[in-house]
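Below is one structure, written out as structure tokens; comments come after it.
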Amino acid sequence: MATSTVRTIGEPLEVKRSPETGYQAQFSGPYAFAAGLFGGGGLGTALDDYSDELARDPARRALMAKVDVVGDERCSAIYPFQFPAVVTVTTTSGEVLVEEVLANRGGPARPLSDEELATKFRDNVAGRLPDDAAAKVRDDVLALQHATDLTSVLEPLSTTFQRGAAQ
């Protein structure tokens, strides 16, 4: 019986190896693996790495065709507190390489630095929040321990979201 994570990112495998849209690619283990190897934006991959065009990219598809998704007992025991992975690669020479990531980046065991948090924030609000407002929010959040109220942090966000709701 497949675990819930295997069902989500690996079944049916032929569908997960050939997503048609960026949204489908977000739920594809083979695509996530390919996106990571091709290199992405942000802190490894970013939302822009999951576009419709990239999901149908022939080079990514060729790599996805070689990726299987199987369960791992240690990963199942950690989930849903983490979304761990164990990757086993067999090279063309027959060498077997194993990489384990059992704790998510950005969690308590592998926290992001302030600069990494700022990068993630900037990437997530790009095109949604003006650069100057994003920079102000970033700076205010990084100094949050010294804040006496949250007005200065929330004001640029509320103005942007009110403007978006009016459109």
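Hand me the GluC sites (Glu not before Pro) from segment 71-167 located in a DSSP loop with no more than 14 other Cβ atoms within 10 Å, in residue order please. Mind dumping the intermediate values first?
Values: sites: Glu73, Glu95, Glu99, Glu100, Glu115, Glu116; in loops: Glu95.
In loop regions of segment 71-167 (DSSP not H, G, I, E or B), the sparsely surrounded GluC sites (Glu not before Pro) are Glu95.
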Could you bin all the Cα-Cα distances of the chain into 5 Å bins starting at 0 and give me the percent of pairs in each, rounded to whole numbers?
1, 8, 13, 15, 16, 15, 12, 9, 7, 3, 1, 0, 0
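Given DSSP loops and a limit of at most 16 other Cβ atoms within 10 Å, what is the longest stretch of the chain that contains no such trypsin sites (Lys or Arg not before Pro)?
Numbers: sites that count: Arg56, Lys66, Arg105, Arg128.
Free of exposed loop sites, the longest segment is 1-55.
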Unit charges on C-beta of K, R, D, E only; dipole of segment 1-97, Debye
120 debye
Which of Leu97, Leu13, Leu43 ends up with the largest GNM mean-square fluctuation for the chain, with Cα atoms connected below 10 Å?
Leu97
Explain nothing, just the number: dipole magnitude of the chain about its Cα centre with +1 on each Lys and Arg Cβ and -1 on each Asp and Glu Cβ, in debye rounded to the nearest 20.
320 debye
Along its three principal axes, how long is segment 93-145 when you only count alpha carbons? Whole Å, largest extent first please.
52, 27, 13
Range of Cα positions in segment 1-71 per principal axis (Å), largest first:
35, 24, 19
Which of Ala46, Leu154, Gly22 sits farthest toward the positive end of the charge dipole of the chain, with +1 on the Cβ of Lys and Arg and -1 on the Cβ of Asp and Glu?
Gly22
On a straight-distance basis, which lysines could pair with Lys16 in a cross-link, Cα separation under 28 angstrom, same-chain partners fewer than 8 positions away excluded?
Lys66, Lys120
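Throughout, read-outs are computed from the coordinates displayed, never taken from laboratory work. Keep in mind that this is a model prediction, so the values were computed, not measured. For neighbour counting, all protein chains shown are included, and Cβ atoms are generated from backbone atoms with ideal geometry for every residue, glycine included.
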